[in-house]
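**Student:** Got a structure here, written out as structure tokens. Questions coming.
The values are calculated or read from the model by the stated rules, or taken from the named source; none is laboratory data. On a predicted model such as this, the values are computed, not experimentally measured, just so you know. Don't worry about glycine lacking a Cβ; one is built from the backbone with ideal geometry, like all the others, and counts go over all protein chains shown. Keep in mind that these areas ignore ligands, DNA and RNA; they rest on the heavy atoms of the full protein, side chains included. Shrake-Rupley method; radii C 1.70, N 1.55, O 1.52, S 1.80 Å.
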Number of protein chains: 2
Amino acid sequence: MGDFLKDCLYFTTNRLSRAITKMADEEFAPTGFSPMYGYLLLLVIRDPGSTQKQLADQLDIAPSTLTRFIEKLERKRLVIRTAQGKSVRVYPTENGKTLEDEIRRASNRLHVRYEKILGKETADLLSKELVRSTDQLEAE
Amino acid sequence: MGDFLKDCLYFTTNRLSRAITKMADEEFAPTGFSPMYGYLLLLVIRDPGSTQKQLADQLDIAPSTLTRFIEKLERKRLVIRTAQGKSVRVYPTENGKTLEDEIRRASNRLHVRYEKILGKETADLLSKELVRSTDQLEAE
DNA sequence: TATATTTAGTTGTACATACAAACGAATAAT
DNA sequence: ATTATTCGTTTGTATGTACAACTAAATATA
């Protein structure tokens with residue numbers, strides 16, 4: 001029978017997810033929000049005027065989830081929304097832009113930290129493997 | 001700069017987690033509960049009398065999370081708890097035991113499904129890689 | 001033996017995330 | 001042109017998960 005947990009991709013993936021999320025939360029703590037919000041803000045800063053659909057696609061999260069994230073960033077005055085037909089375009093505020101550096105630093109700290117443990121090569125390879133597998137699972 | 005998302009293990013891991021969790025939820029739907037509850041029940045059936053600490057360690061989740069899971073299984077009359085000093089031992093009920101087969105079938109369906117997409121070899125290797133990396137990150 | 005520390009579990013609270021249903025705008029079909 | 005369909009977004013609701021603070025039991029230390 002073996003250990004049905006360690007053989008199950010559902011379990012092993014979620015286990016890694018919990019570990020790396022914990023680490024990411026710690027490194028992003030100084031920014032005042034969690035990693036997903038950080039990355040979302042970076043996306044908006046890089047491509048001002050993205051629609052919510054585009055953002056949700058890039059982050060690979062459900063539209064409703066993105067709505068919630070954007071709402072929160074808007075409440076904190078880090079982004080603004082403008083309706084455009086059925087779409088909604090999102091732009092960073094000046095306030096939001098000033099956070100870019102701090103978020104990048106948090107992201108760098110996170111990378112350095114896990115690369116030190118796993119090795120840079122291994123970490124890069126693993127990430128690539130995860131992207132490839134997810135792409136396949138989602139194409140299905 | 002590259003794509004900061006696909007290079008970030010935090011992001012790529014959580015992305016896979018969302019994909020595989022969705023798949024697992026679908027396959028476990030006929031059992032009436034979600035994959036984690038299924039696996040937890042299998043653990044309890046395999047090792048009746050495990051303490052909550054042992055179960056939380058095996059599932060690699062926070063003790064508080066396990067408390068919540070067990071509470072729910074208990075409300076559904078699938079397990080019972082007996083206090084033993086400061087520990088709590090968990091046993092499956094007869095009701096719980098009858099579910100074992102159905103959970104195993106769900107688990108098998110999940111495995112077959114993702115192995116068909118990724119290839120059995122690749123899937124096994126990936127799972128091993130995830131276990132190894134998580135072990136390293138947690139040893140830290 | 002009395003006190004301090006560690007350990008297991010619980011409770012309150014919070015957050016990321018999803019799905020389903022609803023809604024309005026855009027596009028296609030008749 | 002009217003109707004039907006698709007598409008992007010929002011809202012209600014639910015779940016998995018965690019942390020911090022707490023309680024109670026066990027162990028170690030004084």
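**Student:** Does at least one position in the stretch A:98-116 carry a residue that is closer than 16 Å to A:THR31 by Cα, more than 14 Å from chain B (Cβ to nearest Cβ) and open to solvent by 50 Å² or more (accessible area, probe 1.4 Å)?
**Tutor:** yes
**Student:** I've got another one for you. Please go through the stretch A:1-10 and give me each residue that is assigned to a helix (DSSP H, G or I) and either more than 7 Å from chain B (Cβ to nearest Cβ) or open to solvent by 10 Å² or more (accessible area, probe 1.4 Å) (or both), ordered by number.
**Tutor:** A:TYR10
This table checks each residue for (1) at pLDDT 95 or above; (2) open to solvent by less than 70 Å² (accessible area, probe 1.4 Å); (3) near DNA strand C (Cβ under 10 Å from one of its atoms); (4) within 12 Å of chain B (Cβ to nearest Cβ).
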position	(1), (2), (3), (4)
A:LYS22	no, no, no, yes
A:GLY32	no, yes, no, no
A:VAL44	yes, yes, no, no
A:PRO92	yes, yes, no, no
A:GLY96	no, yes, no, no
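**Student:** Would you check which residues across the stretch B:53-72 are more than 14 Å from the chain's Cα centre (by Cα) and touching a residue at least 24 places away in the same chain (Cβ under 8 Å) and list them?
**Tutor:** Result: B:LYS53, B:LYS72.
**Student:** Let me ask you something else. Looking at B:LYS86, B:LYS97, B:LYS72 in this structure, which one is under 24 Å from A:LYS22 (Cβ atoms) and basic (Lys, Arg)?
**Tutor:** None of the others qualify; the one that does is B:LYS72.
**Student:** Name the one entry in A:LEU130, A:LEU99, A:LEU126, A:LEU137 that is touching a residue at least 12 places away in the same chain (Cβ under 8 Å) and in contact with a helix residue (DSSP H, G or I) (Cβ under 7 Å, 6 or more places away or on another chain).
**Tutor:** Only one candidate passes the filter, namely A:LEU99.
**Student:** Could you check the stretch A:21-52 and list, in sequence order, the residues that are touching a residue at least 40 places away in the same chain (Cβ under 8 Å) and among the β-branched types (Val, Ile, Thr)?
**Tutor:** Scanning the stretch A:21-52 gives A:THR31, A:VAL44, A:ILE45.
**Student:** OK, next. If I filter the stretch B:51-87 down to residues being open to solvent by less than 40 Å² (accessible area, probe 1.4 Å) and in a strand (DSSP E or B), which single residue comes out as farthest from DNA strand D (Cβ to nearest atom)?
**Tutor:** B:VAL79
**Student:** Identify, by number, the condition in (1) over 17 Å from B:LEU5 (Cα atoms); (2) open to solvent by 10 Å² or more (accessible area, probe 1.4 Å); (3) assigned to a helix (DSSP H, G or I); (4) more than 12 Å from every other protein chain (Cβ to nearest Cβ) that A:TYR37 doesn't meet.
**Tutor:** Condition (1) is where A:TYR37 drops out.
**Student:** Yes or no: B:ARG18 within 12 Å of DNA strand D (Cβ to nearest atom) and free of Cβ contacts under 8 Å to residues at least 12 places away in the same chain?
**Tutor:** In short, yes.
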